[in-house]
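Trainee: First the structure, then my questions, so here it is.
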Amino acid sequence: MRDYPRIVVPPPGPRAQEVVRRDEAWTSSCYIKEYPLVVARGRGPMVEDVDGNRFLDFMAGIAVCSTGYGHPKVVAAVKDAADRFLHICGSDFYYEGMAALCERLARLAPGSSKKRVFLTNSGTEATEGAIKLARYATRRTAIIAFRGAFHGRSTGAVSLTSSKARQHAGFGPLLPDVHHVPFAYRYRCQWCATEAQCTRGCLDAIEKELFVRHLDPHDVAAIFVEPIQGEGGYIVPPPGYLRGLRDICDRYGILLVADEVQSGVGRTGKMWACDHEGVEPDILLTAKGLGSGMPIGAIVAKESVSTWESGSHGSTFGGNPVCCAAALATLDLVEDGLMANAVTMGARLRTGMESLAARHDCIGEVRGVGLMVGVEFVKDRRTREPAPDVVGKLVQGAFHRGLLLLGAGKSTLRLAPPLVVDEYDVDTALGMIDEELAVAGRESRAASLVGQQS
């Protein structure tokens, strides 16, 4: 028996409440704060709060803590780098860690063409830089992105984001010449949701609708796509979809930009989600899990695309030496076993969730690759009406039981644990989700009975 999950005082406990009050008094009002988790420390997939409660983490700080909390190899690398020097600005000077990480990412990127790498502090910064690079390399201005996409919150990145209206509200005008098209969301596809196979309607809409009625394809600099849509609901497109986008880009000289900020660095069981389709993007973006929690991201571009001149882009902190050390240690761990573990544990997790779907009618679909799993909840399986309240109650109820979860999209539960989880962790999480759904089901039936009697 392990020492987690373990709730010793109903969260938030007294110490947590004190921190929450202080935070609410001084932090910006734009922060979301999903639930009152006040972290003190972590180990592997376990998070301990300031009151001694221990939680099993199945959201990994939004798919960031890829090697879990406090992995000794990552911590040792960070400490060693910090002992040497904290900063020198990689845009202007040289150090081994930056050169090594750029080489490593270039060699790990999909495809055989030579790549060049620009290091950033985050996924949002990587998106911003990729917008600039795509326009610079093509001398075109238009950008195509997808409904449900999330590429970040700064002005350029949020212009591509199409996740929630509140992320745009009050911030306009945003970046011009950005065009959104439907993503390959099979469960809710307007063309083939009820068909046995994908009919490629969403791909045809780009060429036969957008390019015919609205936008000359030769004005398009890039198509930005998440190979597996993250914030939009952990949506896995059907086989051949990424290849179809690659073909469209090749026909019109458009750059394909793969936003692997959430899906990359081994989370899907391969280094990049693109690798499952054998597709080589012109630009690949990574961050989140790359540094195991240290802030680092990257733009990995074909050398033929990386044509911007010296001084045309830069970053004071991007490629920080301590963050580079964390990223190199993370990549070692991912390649040395965690990527394979994502395959094994991901299959166990999906099989378990499919078993839960057989017992709980509110589960409409289970989907995912590796340890990037989405569970969509519905009010009725026939109509597929979203059930956001079910997800909200599940996330909150699980927190009070000792399981950390997050939602995504309209009514999807995202399961993105650290890549170090094992059979105990997966089975424990499944059991806790099952228990919480059973409670919700009993409450729903009781409420329905009361309504009928009144």
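Trainee: How big is the Kirkwood radius of the chain, worked out from every pair of different alpha carbons and given in Å to one decimal?
Mentor: Taking every pair of different Cα atoms in the chain, averaging 1/r and inverting gives 22.9 Å.
Trainee: Among DSSP beta bridges whose residues both lie in segment 73-334, state the antiparallel percentage, nearest 5.
Mentor: Around 40 percent antiparallel, to the nearest 5.
Trainee: Are there trypsin sites (Lys or Arg not before Pro) in segment 1-101 that DSSP marks as loop and that have at most 13 other Cβ atoms within 10 Å, and which are they?
Mentor: Arg2, Lys33
Trainee: Could you compute the net charge surrounding Ser113? Neighbours are other residues with a C-beta less than 12 Å from the C-beta of Ser113; K and R count +1, D and E count -1.
Mentor: Spelling it out: positives minus negatives among the neighbours equals +2.
Trainee: Which distance in nm do the two modelled labels at Cys30 and Ile62 give, with both placed 7 Å along the Cα-to-Cβ direction?
Mentor: Those two pseudo-labels are separated by 1.2 nm.
Trainee: Next question, about the same structure. Give the residue list of chymotrypsin sites (Phe, Trp or Tyr not before Pro) in segment 47-97 that are DSSP loop and have at most 13 other beta-carbon atoms within 10 angstrom.
Mentor: Within segment 47-97, the qualifying chymotrypsin sites (Phe, Trp or Tyr not before Pro) (loop, at most 13 other Cβ atoms within 10 Å) are Phe85, Phe93, Tyr94.
Trainee: Please work out how much length the chain gains when fully extended from Arg166 to Ser304, using 0.36 nm per residue of separation minus the C-alpha to C-alpha distance, in nm with one decimal.
Mentor: Here the segment from Arg166 to Ser304 would lengthen by 45.9 nm.
Trainee: Once you have the Cα-Cα distance between His218 and Thr199, take 0.36 nm times their residue separation minus that, and quote the gain in nm to one decimal.
Mentor: 4.3 nm
Trainee: If we count every other residue with Cβ under 12 angstrom of Glu260's Cβ, Lys/Arg +1 and Asp/Glu -1, where does the sum land?
Mentor: Value of the local net charge: 0.
Trainee: Count the net charge of all other residues whose Cβ sits under 15 Å from the Cβ of Ala165, scoring Lys and Arg as +1 and Asp and Glu as -1.
Mentor: So the environment of Ala165 carries a net charge of +4.
Trainee: Sort segment 73-334 into rounded, prolate or oblate with this rule: let a ≥ b ≥ c be the square roots of the eigenvalues of the Cα gyration tensor; rounded if a/c is under 1.5, and if a/c is not under 1.5, prolate when a/b is larger than b/c, oblate otherwise.
Mentor: prolate
Trainee: Of the beta bridges DSSP finds with both residues in the chain, what % are antiparallel, to the nearest 5?
Mentor: The answer is about 65 percent antiparallel.
Trainee: Which order results if Thr124, Thr27, Thr194, Thr199 are arranged by neighbouring Cβ count within 10 Å, fewest first?
Mentor: Fewest to most other Cβ atoms nearby, the residues stand as Thr194, Thr27, Thr199, Thr124.
Trainee: With each run of n ≥ 4 DSSP H residues scored as -39500 (n - 2.57), what mean residue ellipticity at 222 nm is computed for the chain after dividing by its residue count and rounding to the nearest 500 deg cm²/dmol?
Mentor: Theoretical 222 nm ellipticity from helices: -11000 deg cm²/dmol.
Trainee: Now a separate question. Lysines near Lys164 by alpha-carbon distance under 23 Å, same-chain residues fewer than 8 away left out - which ones?
Mentor: Cross-link targets: Lys33, Lys288, Lys379, Lys393, Lys410.
Trainee: Please give me, ordered by residue number, the trypsin sites (Lys or Arg not before Pro) of segment 188-266 that lie in loop per DSSP and have at most 15 other Cβ atoms within 10 Å.
Mentor: Sparse-neighbourhood loop trypsin sites (Lys or Arg not before Pro): Arg200.
FYI, it's all coordinate maths here, none of it is from the lab. Nothing here was measured: the structure is a model prediction, and the numbers come from that model. Methodologically, a virtual Cβ is constructed for each residue, glycine included, from the backbone with ideal geometry; neighbour enumeration extends over all protein chains shown.
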